[in-house]
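To start, the structure itself, in structure tokens.
The values are calculated or read from the model by the stated rules, or taken from the named source; none is laboratory data. Given the structure is predicted, the values throughout are model-derived calculations rather than measurements. Positions of Cβ are backbone-derived with ideal geometry, glycine not excepted, and every protein chain shown enters the neighbour counts.
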Amino acid sequence: MICLKSIKPICISAVYFFLLTQSIYSVESFPRDITHRGIVDDAPYQIYPENRIGNGIYLEKKLLDSHPERMITNIVDIKNTKSSVYLYRSESGNLGLGIIKNKDDGEARFWKVDENFYQYSNRDSGLQRIFRIFKNKIKPLLPNVRTGRGISSSQSHVVFYHIIDSQEVSIPNENGLAFKQRIYTFRLHVVNKNFEKIGSIFNLIIKDSNYNLKLFWENEFSVSYILNSGKKQIVDLREYVPNLF
């Protein structure tokens, strides 16, 4: 006959061993590496916990955003707004950008236009901004420019523009009567996807009555655009930013 007194300590030992192994398993599921800081202070924001899928962004102890399939690593403010953009890594390891919108900024959109390039557009304020993922960081492109937009991407490069001037001019019609029309002046910017540097083209003047300039890649070196008049123009970018090709 088995003694009940001898079973009790065996059962206790078994339960203790089970709990111990479960604790070890939990620690191994969420390893703490030597660079893990717990809370990442990215003033005025905090990211907690560091290096964890499902972590969150906090401001003054208030959770701003979190996603069960994202690990948030970095955050920057959108200049001249109360909104922010954050960098995350998905469970599959891919990087992406998300936005924390502030209702005080009005109606705004944020979308992906290329593997590492994103567009912010605010209808209420007219603000247009471009963000890039480069070397695991968020890079606002030309943060002092209010109208960066119109991204067109090739395999190796990106071209976009901003409006540097707009003015109302008087244009005579076929009857000799003048009518007023707004003319926009554009500046092109070029990015080589392998480099951080932006090539801004200062010695090319593009003017049109349409504020939305659509750029198209003709080949690996040249882009084209069509004016409101229907006239097509082709620009060989090597003539303006040869160091990026």
Report summary line: Looking across region 178-196 at residues that are touching a strand residue (DSSP E or B) at 6+ places or on another chain (Cβ under 8 Å) and in contact (Cβ under 8 Å) with a residue 40 or more places away in the chain, the single one that is nearest to Asn212 (Cα to Cα) is Leu188
Requested in this report: Could you list, in sequence order, all residues of region 79-130 that are of a type in the set (Ser, Thr, Tyr), over 22 Å from His157 (Cα atoms) and either in a loop (DSSP other than H, G, I, E, B) or in contact (Cβ under 8 Å) with a residue 40 or more places away in the chain (or both)?
Outcome: Thr81, Ser83, Tyr86, Ser92, Ser125
Query raised in the report: Limited to region 146-166, what total is found for residues that are outside any loop (DSSP other than H, G, I, E, B) and not β-branched (Val, Ile, Thr)?
Result: 10
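List the strands (runs of 3 or more DSSP E) that sit entirely inside region 167-226 and contain at least 2 residues that are closer than 30 Å to Phe134 by Cβ and under 28 Å from the mean Cα position of the chain (by Cα). Spell out the reasoning first.
Working: elements: 178-192, 198-200, 206-208, 215-217, 222-226.
The strands (runs of 3 or more DSSP E) meeting that bar are 178-192, 198-200, 215-217, 222-226.
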Report summary line: Among the residues of region 227-244, the number that are among the acidic types (Asp, Glu) and in a strand (DSSP E or B) is 1
Query raised in the report: Can you find even one residue in region 40-47 that is in a loop (DSSP other than H, G, I, E, B), under 19 Å from the mean Cα position of the chain (by Cα), surrounded by 10 or more Cβ atoms within 10 Å (Cβ to Cβ) and at pLDDT 95 or above?
Result: no
Report task. Identify all residues within region 93-106 that are surrounded by fewer than 16 Cβ atoms within 10 Å (Cβ to Cβ) and small (Gly, Ala, Ser); write none if there are none. Result -> Gly93, Gly96, Gly106
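Any idea which of Ser125, Ser83, Ser66, Ser90 is of a type in the set (S, T, N, Q) and crowded, with 16+ Cβ neighbours inside 10 Å?
On the way: Ser125 fails: crowded, with 16+ Cβ neighbours inside 10 Å; Ser66 fails: crowded, with 16+ Cβ neighbours inside 10 Å; Ser90 fails: crowded, with 16+ Cβ neighbours inside 10 Å.
The conditions single out Ser83.
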